[in-house]
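The structure appears right after this line, and notes come after that.
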Amino acid sequence: MLPLRRLYPLVAGTGVLVASITMVVGRIGVPLDTLHLTIGRSTAPGSGASLAMVLLAASSLGLLACMRAVRAPVEGWPERLVAVWAASLTGAALLPGTVAADVMIVVALVGLAGAAALMVRRFGDDESWRPAARPLEWLSLGAGGALAVLTYVALPGHRVLIGLVEWSLLGIEAAVLAVVAVQLTRIAWSPAGTAAVATAVPVEPPPIMVPAPARRPVSPARTPAWMPARTPAMTAGMAMARALAPTIERATSGTGRPTRVLSRH
(Lines give C-alpha, C1' and ligand atoms only; values in the text may rest on other atoms or scores of the structure.)
Protein backbone atom coordinates (compact mmCIF):
# COMPACT_ATOMS: atom_id res chain seq x y z
CA MET A 1 0.00 0.00 0.00
CA LEU A 2 1.18 3.48 -0.79
CA PRO A 3 1.88 5.77 2.20
CA LEU A 4 -0.88 8.12 0.98
CA ARG A 5 -3.42 5.31 1.16
CA ARG A 6 -2.31 4.54 4.68
CA LEU A 7 -3.11 8.12 5.62
CA TYR A 8 -6.70 7.94 4.33
CA PRO A 9 -8.11 6.12 7.40
CA LEU A 10 -6.25 8.48 9.71
CA VAL A 11 -7.72 11.50 7.95
CA ALA A 12 -11.24 10.06 8.02
CA GLY A 13 -10.92 9.06 11.67
CA THR A 14 -9.61 12.52 12.55
CA GLY A 15 -12.61 14.02 10.79
CA VAL A 16 -14.99 11.93 12.90
CA LEU A 17 -13.15 12.94 16.07
CA VAL A 18 -13.15 16.66 15.21
CA ALA A 19 -16.84 16.58 14.29
CA SER A 20 -17.74 14.84 17.54
CA ILE A 21 -15.74 17.32 19.63
CA THR A 22 -17.32 20.23 17.78
CA MET A 23 -20.84 18.98 18.47
CA VAL A 24 -20.06 18.41 22.15
CA VAL A 25 -18.49 21.84 22.53
CA GLY A 26 -21.43 23.41 20.70
CA ARG A 27 -23.86 22.02 23.27
CA ILE A 28 -22.00 23.56 26.21
CA GLY A 29 -23.85 26.53 27.66
CA VAL A 30 -26.99 25.92 25.61
CA PRO A 31 -30.23 26.57 27.57
CA LEU A 32 -32.03 23.47 28.79
CA ASP A 33 -35.14 24.50 26.91
CA THR A 34 -33.44 23.51 23.65
CA LEU A 35 -33.38 19.88 24.82
CA HIS A 36 -37.09 19.78 24.01
CA LEU A 37 -36.29 20.71 20.39
CA THR A 38 -35.10 18.34 17.71
CA ILE A 39 -31.62 18.63 16.22
CA GLY A 40 -33.06 20.06 13.02
CA ARG A 41 -35.01 22.75 14.84
CA SER A 42 -32.25 23.70 17.29
CA THR A 43 -29.46 23.99 14.69
CA ALA A 44 -28.93 27.46 13.32
CA PRO A 45 -27.72 28.05 9.75
CA GLY A 46 -23.94 28.32 9.59
CA SER A 47 -23.49 27.27 13.21
CA GLY A 48 -20.81 24.93 14.51
CA ALA A 49 -23.34 22.09 14.74
CA SER A 50 -24.17 22.38 11.04
CA LEU A 51 -20.50 22.35 10.07
CA ALA A 52 -19.90 19.40 12.39
CA MET A 53 -22.68 17.39 10.72
CA VAL A 54 -21.25 18.10 7.27
CA LEU A 55 -17.79 17.08 8.44
CA LEU A 56 -19.20 13.91 10.02
CA ALA A 57 -20.98 13.00 6.78
CA ALA A 58 -17.83 13.57 4.70
CA SER A 59 -15.74 11.51 7.12
CA SER A 60 -18.29 8.68 6.91
CA LEU A 61 -17.99 8.58 3.14
CA GLY A 62 -14.20 8.59 3.46
CA LEU A 63 -14.34 5.63 5.86
CA LEU A 64 -16.65 3.80 3.48
CA ALA A 65 -14.25 4.29 0.58
CA CYS A 66 -11.31 3.07 2.69
CA MET A 67 -13.25 -0.01 3.82
CA ARG A 68 -14.00 -0.89 0.22
CA ALA A 69 -10.31 -0.44 -0.62
CA VAL A 70 -9.29 -3.09 1.93
CA ARG A 71 -12.21 -5.35 0.94
CA ALA A 72 -14.09 -5.01 4.21
CA PRO A 73 -17.33 -7.05 4.45
CA VAL A 74 -19.64 -4.06 3.95
CA GLU A 75 -20.92 -4.70 0.45
CA GLY A 76 -24.65 -4.50 -0.06
CA TRP A 77 -26.94 -2.97 2.56
CA PRO A 78 -24.28 -1.79 5.05
CA GLU A 79 -22.60 0.50 2.54
CA ARG A 80 -25.97 1.69 1.21
CA LEU A 81 -27.16 2.61 4.69
CA VAL A 82 -23.93 4.45 5.42
CA ALA A 83 -24.41 6.42 2.19
CA VAL A 84 -28.01 7.22 3.25
CA TRP A 85 -26.71 8.38 6.63
CA ALA A 86 -24.16 10.72 5.02
CA ALA A 87 -26.60 12.16 2.47
CA SER A 88 -29.36 12.73 5.03
CA LEU A 89 -26.99 14.32 7.54
CA THR A 90 -25.69 16.69 4.88
CA GLY A 91 -29.22 17.61 3.82
CA ALA A 92 -30.23 18.34 7.42
CA ALA A 93 -27.17 20.57 7.86
CA LEU A 94 -28.05 22.51 4.71
CA LEU A 95 -31.72 22.96 5.66
CA PRO A 96 -31.67 23.68 9.40
CA GLY A 97 -34.78 24.73 11.28
CA THR A 98 -37.21 23.04 8.89
CA VAL A 99 -39.46 19.99 8.95
CA ALA A 100 -37.34 18.45 6.19
CA ALA A 101 -34.31 18.68 8.48
CA ASP A 102 -36.18 16.78 11.20
CA VAL A 103 -37.10 14.01 8.74
CA MET A 104 -33.56 13.78 7.40
CA ILE A 105 -32.09 13.55 10.89
CA VAL A 106 -34.38 10.64 11.73
CA VAL A 107 -33.53 8.91 8.44
CA ALA A 108 -29.82 9.40 9.10
CA LEU A 109 -30.01 8.03 12.64
CA VAL A 110 -32.02 4.98 11.59
CA GLY A 111 -29.72 4.35 8.61
CA LEU A 112 -26.46 4.25 10.55
CA ALA A 113 -28.04 2.21 13.36
CA GLY A 114 -29.13 -0.38 10.80
CA ALA A 115 -25.70 -0.38 9.15
CA ALA A 116 -24.01 -0.95 12.51
CA ALA A 117 -26.32 -3.87 13.31
CA LEU A 118 -25.53 -5.49 9.95
CA MET A 119 -21.80 -4.95 10.34
CA VAL A 120 -21.71 -6.68 13.73
CA ARG A 121 -22.38 -10.12 12.24
CA ARG A 122 -20.22 -9.57 9.19
CA PHE A 123 -17.27 -8.33 11.24
CA GLY A 124 -17.66 -11.31 13.56
CA ASP A 125 -17.28 -13.70 10.61
CA ASP A 126 -14.21 -11.90 9.25
CA GLU A 127 -10.90 -12.55 10.98
CA SER A 128 -9.47 -9.11 10.20
CA TRP A 129 -12.49 -7.21 11.54
CA ARG A 130 -13.37 -9.50 14.45
CA PRO A 131 -11.77 -7.22 17.12
CA ALA A 132 -14.26 -4.48 16.23
CA ALA A 133 -17.30 -6.76 16.35
CA ARG A 134 -17.76 -6.78 20.14
CA PRO A 135 -17.56 -2.96 20.67
CA LEU A 136 -19.81 -2.53 17.67
CA GLU A 137 -22.30 -4.96 19.16
CA TRP A 138 -22.62 -2.95 22.39
CA LEU A 139 -22.95 0.30 20.46
CA SER A 140 -25.61 -1.25 18.23
CA LEU A 141 -27.59 -2.31 21.28
CA GLY A 142 -27.32 1.23 22.65
CA ALA A 143 -28.43 2.69 19.31
CA GLY A 144 -31.40 0.31 19.20
CA GLY A 145 -32.43 1.28 22.71
CA ALA A 146 -32.10 4.97 21.90
CA LEU A 147 -34.25 4.50 18.78
CA ALA A 148 -36.92 2.83 20.91
CA VAL A 149 -36.84 5.73 23.38
CA LEU A 150 -36.94 8.22 20.49
CA THR A 151 -40.03 6.51 19.06
CA TYR A 152 -41.78 6.67 22.43
CA VAL A 153 -40.84 10.31 23.01
CA ALA A 154 -41.89 11.38 19.51
CA LEU A 155 -45.30 9.68 19.60
CA PRO A 156 -46.91 9.25 23.05
CA GLY A 157 -44.24 11.14 25.00
CA HIS A 158 -45.30 14.59 23.68
CA ARG A 159 -41.69 15.25 22.45
CA VAL A 160 -40.36 15.77 25.97
CA LEU A 161 -36.54 15.90 25.89
CA ILE A 162 -36.57 14.72 22.29
CA GLY A 163 -33.50 16.80 21.56
CA LEU A 164 -31.55 15.08 24.34
CA VAL A 165 -32.46 11.66 22.94
CA GLU A 166 -31.45 12.62 19.39
CA TRP A 167 -28.13 14.12 20.46
CA SER A 168 -27.40 11.05 22.57
CA LEU A 169 -28.17 8.75 19.62
CA LEU A 170 -26.00 10.91 17.37
CA GLY A 171 -23.14 10.57 19.86
CA ILE A 172 -23.53 6.77 19.92
CA GLU A 173 -23.38 6.60 16.15
CA ALA A 174 -20.33 8.86 16.08
CA ALA A 175 -18.72 6.31 18.41
CA VAL A 176 -19.62 3.58 15.88
CA LEU A 177 -17.71 5.47 13.20
CA ALA A 178 -14.77 5.95 15.58
CA VAL A 179 -14.56 2.18 16.27
CA VAL A 180 -14.61 1.47 12.54
CA ALA A 181 -11.93 4.11 11.93
CA VAL A 182 -9.61 2.62 14.57
CA GLN A 183 -9.89 -0.91 13.20
CA LEU A 184 -9.55 0.35 9.63
CA THR A 185 -6.32 2.13 10.53
CA ARG A 186 -4.93 -1.04 12.12
CA ILE A 187 -5.74 -3.07 9.02
CA ALA A 188 -4.41 -0.45 6.61
CA TRP A 189 -1.04 -0.34 8.37
CA SER A 190 -0.70 -4.12 8.65
CA PRO A 191 0.89 -6.37 5.99
CA ALA A 192 -2.48 -8.03 5.47
CA GLY A 193 -4.00 -4.69 4.53
CA THR A 194 -1.18 -4.06 2.09
CA ALA A 195 -1.84 -7.37 0.41
CA ALA A 196 -5.57 -6.67 0.32
CA VAL A 197 -5.24 -3.50 -1.75
CA ALA A 198 -2.44 -4.76 -3.96
CA THR A 199 -3.33 -5.34 -7.57
CA ALA A 200 -4.10 -8.95 -8.11
CA VAL A 201 -1.90 -10.59 -10.75
CA PRO A 202 -3.67 -13.42 -12.53
CA VAL A 203 -1.82 -16.67 -12.10
CA GLU A 204 -2.32 -19.48 -14.54
CA PRO A 205 -3.47 -22.62 -12.81
CA PRO A 206 -1.12 -25.57 -13.00
CA PRO A 207 -1.94 -28.15 -15.67
CA ILE A 208 -4.16 -30.96 -14.52
CA MET A 209 -2.22 -34.18 -14.48
CA VAL A 210 -4.43 -37.12 -15.49
CA PRO A 211 -2.96 -40.42 -14.32
CA ALA A 212 -2.44 -42.97 -17.08
CA PRO A 213 -4.66 -46.05 -16.85
CA ALA A 214 -2.93 -48.98 -15.27
CA ARG A 215 -2.01 -51.74 -17.68
CA ARG A 216 -3.32 -55.18 -16.95
CA PRO A 217 -0.61 -57.81 -16.84
CA VAL A 218 -0.67 -60.09 -19.84
CA SER A 219 -1.14 -63.66 -18.68
CA PRO A 220 0.90 -66.25 -20.60
CA ALA A 221 -1.01 -68.47 -23.00
CA ARG A 222 -1.95 -71.79 -21.54
CA THR A 223 -0.47 -74.86 -23.25
CA PRO A 224 -2.68 -77.95 -23.66
CA ALA A 225 -1.77 -80.99 -21.60
CA TRP A 226 -0.96 -83.05 -24.66
CA MET A 227 1.39 -80.39 -26.01
CA PRO A 228 4.82 -79.96 -24.45
CA ALA A 229 5.82 -76.61 -23.16
CA ARG A 230 6.70 -74.24 -25.93
CA THR A 231 9.92 -72.42 -25.97
CA PRO A 232 10.14 -68.95 -27.43
CA ALA A 233 11.76 -70.32 -30.60
CA MET A 234 9.26 -73.19 -31.10
CA THR A 235 6.57 -72.79 -33.71
CA ALA A 236 3.17 -74.44 -33.83
CA GLY A 237 4.26 -76.95 -36.49
CA MET A 238 7.34 -78.01 -34.57
CA ALA A 239 5.27 -78.54 -31.42
CA MET A 240 2.76 -80.72 -33.32
CA ALA A 241 5.51 -82.84 -34.92
CA ARG A 242 7.20 -83.33 -31.59
CA ALA A 243 3.96 -84.49 -30.00
CA LEU A 244 3.21 -87.07 -32.76
CA ALA A 245 6.73 -88.47 -32.88
CA PRO A 246 6.15 -91.32 -30.32
CA THR A 247 3.03 -92.50 -32.11
CA ILE A 248 4.77 -92.67 -35.47
CA GLU A 249 7.70 -94.53 -33.95
CA ARG A 250 5.47 -97.22 -32.38
CA ALA A 251 3.61 -97.71 -35.64
CA THR A 252 6.79 -98.30 -37.62
CA SER A 253 8.53 -100.57 -35.08
CA GLY A 254 5.53 -102.78 -34.35
CA THR A 255 6.01 -102.62 -30.63
CA GLY A 256 2.79 -100.86 -30.09
CA ARG A 257 -0.54 -102.43 -29.25
CA PRO A 258 -1.91 -104.65 -32.08
CA THR A 259 -4.78 -103.24 -33.96
CA ARG A 260 -7.63 -105.41 -35.25
CA VAL A 261 -8.13 -105.33 -38.95
CA LEU A 262 -11.55 -106.20 -40.25
CA SER A 263 -11.34 -108.32 -43.40
CA ARG A 264 -14.02 -109.61 -45.55
CA HIS A 265 -14.06 -113.43 -46.09
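Residues that are surrounded by fewer than 17 Cβ atoms within 10 Å (Cβ to Cβ) and polar (S, T, N, Q) within the range 33-62 comprise T34, S47, listed in sequence order. Of all the numbered requirements in (1) in contact with a Pro (Cβ under 9 Å, 6 or more places away or on another chain); (2) assigned to a helix (DSSP H, G or I); (3) farther than 23 Å from S59 by Cα, Y152 misses one, and that requirement is (1).
For the range 87-120, residues that are farther than 15 Å from V180 by Cβ and either in a helix (DSSP H, G or I) or charged (D, E, K, R) (or both) total 20. Only a single item in (1) in contact with a Ser or Thr (Cβ under 6 Å, 6 or more places away or on another chain); (2) acidic (D, E); (3) free of Cβ contacts under 8 Å to residues at least 40 places away in the same chain is not met by E127, and it is number (1). If only residues of the range 73-86 that are assigned to a helix (DSSP H, G or I) and of a type in the set (V, I, T) are counted, the one that is farthest from the chain's Cα centre (by Cα) is V84.
To keep it simple, each residue is scored yes or no on (1) farther than 24 Å from V70 by Cβ; (2) crowded, with 21+ Cβ neighbours inside 10 Å.
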| site | (1), (2) |
| --- | --- |
| L112 | no, yes |
| A117 | no, no |
| L141 | yes, no |
| G157 | yes, no |
| L161 | yes, no |
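Considering the range 155-198, and only residues there that are modelled with pLDDT under 85, in a helix (DSSP H, G or I) and of a type in the set (A, V, I, L, M, F, W, C), the residue that is nearest to M23 (Cα to Cα) turns out to be A188. Restricting L35, L55 to residues that are part of a helix (DSSP H, G or I), farther than 19 Å from G15 by Cβ, in contact (Cβ under 8 Å) with a residue 24 or more places away in the chain and touching a Gly at 6+ places or on another chain (Cβ under 9 Å) narrows the list to L35. Selection of the range 134-156 for residues being of a type in the set (A, V, I, L, M, F, W, C) and under 15 Å from A178 (Cβ atoms) yields L136, W138, L139, A143.
The values are calculated or read from the model by the stated rules, or taken from the named source; none is laboratory data. This is a predicted model, so every value here is computed, not measured. For neighbour counting, all protein chains shown are included, and Cβ atoms are generated from backbone atoms with ideal geometry for every residue, glycine included.
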